[in-house]
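Accompanying notes for the structure given below.
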Amino acid sequence: MTTRDDAARFDSPLSPAPAADVAPVGIFDSGLGGLSVLRAVRAQLPHERLLYVADSLFAPYGERDNEFITERTLAIGQWLASQGAKALVVACNTATAESIALARTQLSIPIIGVEPGIKPAAHQSTSRIVGVLATQVTLRSERFRSLLERYAADCQFICQAGHGLVEAVERCEIDTPEVRALLSRYIEPMLAAGADTLVLGCTHYPFLDKVIREIAGSRLALIDTSVAIARQLARVLEANGLRAPTNEPAPPPRLCSTGEGTHMHRLASTLLGLDAPVEHVVIERTGGRNRPAAA
């Protein structure tokens with residue numbers, strides 16, 4: 001979760017106060033991983049209307065170049081704002097690392113980003129050896145390196161790119177022999193090195209926590225920041241006078257995907273108990289770069 005107070009950045013008026021009770025909070029990820037954040041936000045803020053966009057046509061972002069990621073973040077942020085979103089949660093570590101600073105200069109609504117839980121891991125680890133599982137883009141970002149410098153001077157961090165894991169979650173393959181083999185390959189060296197804490201540095205990875213716990217047993221404490229993100233969103237909405245009234249629960253979230261929505265419906269139903277339709281949306285940005293990669 002971003003650590004500074006996002007609310008302090010919004011001194012000018014935002015959405016008119018009467019609209020706060022009906023305006024949704026926009027949440028987006030490169031694909032389905034942000035559903036883990038959606039789950040936490042629904043639990044923390046049951047009265048808020050939510051609009052979730054999965055950019056599944058272009059997932060995963062983890063091996064995209066920085067310019068592409070920034071273009072997609074801005075395009076989706078602008079689309080969500082056009083749909084009336086009163087705040088934006090960038091529920092993607094990769095997009096946060098590469099583009100949230102620019103997005104905050106381009107959009108006039110509060111923006112909450114995510115980041116790997118380096119700080120809580122450093123505070124929690126007893127062995128002072130921590131594993132980090134994240135995308136390649138997140139691991140190479142300046143934002144991630146600055147986190148290590150700021151919070152982990154006395155810790156050894158074992159950083160591992162989770163190649164193949166995002167794609168598996170996108171296919172709803174969260175407990176297959178192939179996924180177990182990948183996770184074992186990534187986690188066993190951390191355990192052998194003495195790690196006692198694992199940072200789940202991608203919002204897709206909490207959906208793999210059951211398998212991770214079966215591999216690691218009680219040897220690893222898992223750090224998932226989705227609950228902290230939901231709490232930060234609550235603080236930002238309150239500070240900007242945007243909280244919805246609490247007289248009745250919100251309707252089910254509106255789910256949208258730039259790709260085919262079958263997997264999203266299945267994952268939302270299986271893991272969130274949410275049997276909601278998935279809308280197909282087209283979100284383009286000029287410049288000709290927003291085309292899916294060749295198969």
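Taken together, the values in this text are just the output of simple stated rules run on the coordinates, not laboratory data. This is a predicted model, so every value here is computed, not measured. In this analysis, Cβ positions are derived from the backbone assuming ideal geometry, glycine residues included, and neighbour counts consider all displayed protein chains.
Before moving on, here are some points about what is shown:
- Projecting the Cα positions of Leu35, Val130, Thr70 onto the charge dipole of the chain (unit charges on Cβ atoms of Lys, Arg, Asp and Glu, taken about the Cα centre) puts Val130 furthest along the positive direction.
- Projected label distance in nm at Arg231 and Thr246, using a 7 Å step from Cα toward the beta-carbon: 1.7 nm
- Using C-alpha pairs under 8 Å with a sequence gap of at least 6, the mean separation divided by the residue count of the chain gives a relative contact order of 27 percent.
- About its Cα centre, the dipole of region 118-224 is roughly 280 debye, where the only charges are +1 on Lys and Arg Cβ and -1 on Asp and Glu Cβ.
- Calculated percent of Cα pairs over 37 Å apart (choose from (1) 5; (2) 21; (3) 11), label: (3)
- Averaging Cα coordinates gives a centre for region 206-253 and one for region 14-93; these two points are 14 Å apart.
- Here the gap between His163 and Arg185, fully extended at 0.36 nm per residue and compared with their Cα-Cα distance, gives a gain of 6.8 nm.
- Residues in region 213-229 carry Karplus couplings, in order, of 5, 5, 6, 8, x, 8, 6, 10, 8, 9, 10, 10, 8, 4, 5, 5, 4 Hz; the curve used is 6.51 cos²θ - 1.76 cosθ + 1.60 with θ = phi - 60°, and Gly or Pro positions show x.
- Magnitude of the charge dipole for the chain, about its Cα centre and with charges confined to Cβ atoms of Lys, Arg (+1) and Asp, Glu (-1), is about 360 debye.
- When you restrict to C-alpha pairs under 8 Å that are six or more residues apart and normalise by the size of region 118-224, the relative contact order lands at 37 percent.
- Selection from Gly217, Thr197, Gly164 lying farthest towards where the dipole of region 118-224 points positive, charges on Cβ: Thr197
- Computed from backbone phi with θ = phi - 60° and the Karplus coefficients 6.51, -1.76 and 1.60, the 3J(HN,Hα) list for region 84-91 is x, 4, 8, 7, 10, 9, 8, 8 Hz; x is used for glycine and proline.
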